[in-house]
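Below is one structure; the comments refer to it alone.
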Amino acid sequence: MLTFSTALLLILTLIAAVTDCAFHKIYNWTTYPGILAALALNSFENGWEGGAGLLESLKGLALCGGLMLVALVFFPDMGGGDVKLMAMLGAFLGFEKGLEALLWTCVLGAAAGLAMLIWRVGLFRLVAAVVRHLLLSLRLVSWVPLSEEERKQLQTRLYLAPAAVIAVVIVCFDLQRFL
């Protein structure tokens with residue numbers, strides 16, 4: 001069933017996906033009002049502790065935003081807009097569903113990144129390079145750094161917002177039971 005908050009979440013996530021693909025940015029004017037709207041809607045619809053009430057919304061905001069902040073520390077190329085987008089998803093969906101949407105977003109984003117890498121490099125060349133690098137590392141009993149050319153091939157822009165749209169659809173419409 002499509003509720004007002006689900007429709008609003010889908011609209012905001014779609015806007016973020018469009019701006020992410022077009023301009024490589026997820027704007028604050030999408031995420032900040034979205035977070036505030038999620039907190040207000042969940043509070044108004046369910047009170048403090050009801051189903052997806054304000055408390056659940058705050059937990060989702062803290063969990064998803066916090067996990068993405070940790071990810072930002074390890075992957076500085078990731079933008080702050082991704083952090084705020086996932087925090088917004090957590091605020092709308094709550095703790096459990098927010099975490100589920102975050103995980104789906106990461107899986108779908110990684111799959112899209114791998115597909116782009118395979119498309120650019122080629123499956124055979126990619127597998128051959130990975131095997132060659134691992135065998136060289138095992139023979140030298142230490143990790144061999146990647147060459148500049150290998151590093152350049154791995155520099156792929158990832159778009160988490162389109163993956164987040166799909167994740168929201170999966171979680172909100174309970175489609176994971178079919179996957």
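222 nm [θ] for the chain, helices only, -39500 (n - 2.57) per DSSP H run of 4+, per residue, to 500?
Working: 7 runs with 140 residues, N = 179.
Only helices count here, giving -27000 deg cm²/dmol.
Remark: the S147-F4 segment gains 46.4 nm on full extension, using 0.36 nm per residue and subtracting the alpha carbon distance. Among the complete DSSP H segments of the chain, which ones combine at least 24 Å of alpha-carbon extent along their axis with a mean Kyte-Doolittle hydropathy of 1.6 or more? In the chain, the long hydrophobic H runs are 4-23, 54-74. Within straight-line reach of K25, meaning a Cα separation under 18 Å, sit the following aspartates and glutamates at least 8 residues removed in sequence or on another chain: D77, D82. Counting other Cβ atoms within 10 Å as a rough exposure proxy, the listed residues F178, F4, F95 run F178, F4, F95 from fewest neighbours to most.
Would you please report the Å³ per residue occupied by the convex hull of the alpha carbon atoms in the range 130-171? List each step's numbers first, then the result.
Values: hull volume 4.7 nm³, N = 42.
Convex hull of Cα atoms, per residue: 112 Å³.
The modelled label-to-label distance for the pair F23/L126, using points 7 Å beyond Cα in the direction of Cβ, is 3.1 nm. In terms of packing, defined here as the mean over residues of other Cβ atoms within 10 angstrom, the peptides 65-78, 133-146 line up highest first as 65-78, 133-146.
With +1 assigned to the C-beta of every Lys and Arg and -1 to the C-beta of every Asp and Glu, and no other charges, what is the dipole magnitude of the chain about the Cα centre in debye, to the nearest 20? Intermediate results must be reported in sequence, preceding the final value.
Details: 12 positive and 12 negative charges, 135 e Å.
So the magnitude is around 640 debye.
Candidates (i) 138; (ii) 128; (iii) 245; which is the computed volume of the Cα convex hull per residue in Å³? Label of the calculated value: (i). Listed by chain and number, the lysines placed with their C-alpha closer than 25 angstrom to that of K59 are K84, K97; residues fewer than eight positions away on the same chain are left out.
No value in this document is a laboratory result; all are computed from the given coordinates. Since the structure is predicted, the reported quantities are computational estimates derived from the model, not experimental observations. Counting neighbours? That spans all protein chains shown, and the Cβs are built from the backbone with ideal geometry, glycine included.
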